[in-house]
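Read the structure below first, then the notes.
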């Protein structure tokens, strides 16, 4: 169902009252006209843009190659689906609406919606937050006291690889007008078939090193004493002499003696 000229005029007025904030404009519109259907928030920006570019509320006919039928009703349904589930793909929406994927893509693009990818973040427990605060304070103090201190830290991590739980983040995204910085937590390294260690310091990537599946204190000590010196051979001697070693999964950053490395 298309909006009447009067409705579009009211939409534009509320958009102006909200100083271009679509969410606020939608709220003001609903308060002013409680008996009307409330437009999707992106409709406010589209009506404003159409008026500025064409000088009219009337939609302009597309000249040239014929395109799939695109109406305000279709736009509203597409936007409603995205609002209900921002992770829907344009292909799924197109199949549900009996439209083409390119039409759905153009609707979302014209409404200033973009597919932001989900970020992977470390899963944390309640007891992890306070030590992280202490570490941040410690790091900030040393950054002030020593120039380029963070470049002298060898950051390390281990990752377990199995055949299960493979997740393709390239095809997972959220459609929205602003980056929501969406994240998904990774599972903790509890069981794995292949354990890989790597480190990075001042732009130098060290590793990967394939570790035993069951890593304990004794095996880790042997790695530090026998394998780590060989891994760090190509680092500048001055950097190695001033280096701090971050032990992954330790409660805080520990100073590690590098006299024999």
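The values are calculated or read from the model by the stated rules, or taken from the named source; none is laboratory data. Worth saying up front: this structure is predicted, and the values here are computed from it rather than measured. Heads up, the Cβs are rebuilt from the backbone with ideal geometry, glycines too, and the neighbour counts pull from every protein chain shown.
Which ones in region 201-218 are within 12 Å of residue 158 (Cβ to Cβ) and either in contact with a helix residue (DSSP H, G or I) (Cβ under 9 Å, 6 or more places away or on another chain) or at pLDDT 80 or above (or both)?
Correct list: 207, 208, 209, 210, 211, 212, 215.
Among the residues of region 50-70, which ones are exposed (fewer than 14 other Cβ atoms within 10 Å of the Cβ) and either at pLDDT 75 or above or not assigned by TED's automatic domain parsing to the domain that holds residue 105 (or both)?
Scanning region 50-70 gives 52, 53, 54, 55, 56.
Condition check: surrounded by fewer than 14 Cβ atoms within 10 Å (Cβ to Cβ) and at pLDDT below 90. Does residue 131 satisfy that?
Working: surrounded by fewer than 14 Cβ atoms within 10 Å (Cβ to Cβ): yes; at pLDDT below 90: yes.
It is true that residue 131 is surrounded by fewer than 14 Cβ atoms within 10 Å (Cβ to Cβ) and at pLDDT below 90.
Matching residues to (1) part of a helix (DSSP H, G or I); (2) within 27 Å of residue 197 (Cβ to Cβ); (3) assigned by TED's automatic domain parsing to the domain that holds residue 196:
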site: 75; (1), (2), (3): yes, no, no
site: 87; (1), (2), (3): no, no, no
site: 94; (1), (2), (3): yes, no, no
site: 134; (1), (2), (3): yes, yes, yes
site: 139; (1), (2), (3): yes, yes, yes
site: 143; (1), (2), (3): yes, yes, yes
site: 151; (1), (2), (3): yes, yes, yes
site: 154; (1), (2), (3): no, yes, yes
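Kindly indicate whether residue 81 is at pLDDT below 85, surrounded by 12 or more Cβ atoms within 10 Å (Cβ to Cβ) and in the same structural domain as residue 105 (by TED's automatic domain parsing).
Working: at pLDDT below 85: no; surrounded by 12 or more Cβ atoms within 10 Å (Cβ to Cβ): yes; in the same structural domain as residue 105 (by TED's automatic domain parsing): yes.
Here the answer is no, as residue 81 does not meet what is asked.
Looking at region 3-10, is at least one residue in a helix (DSSP H, G or I) and within 34 Å of the chain's Cα centre (by Cα)?
no
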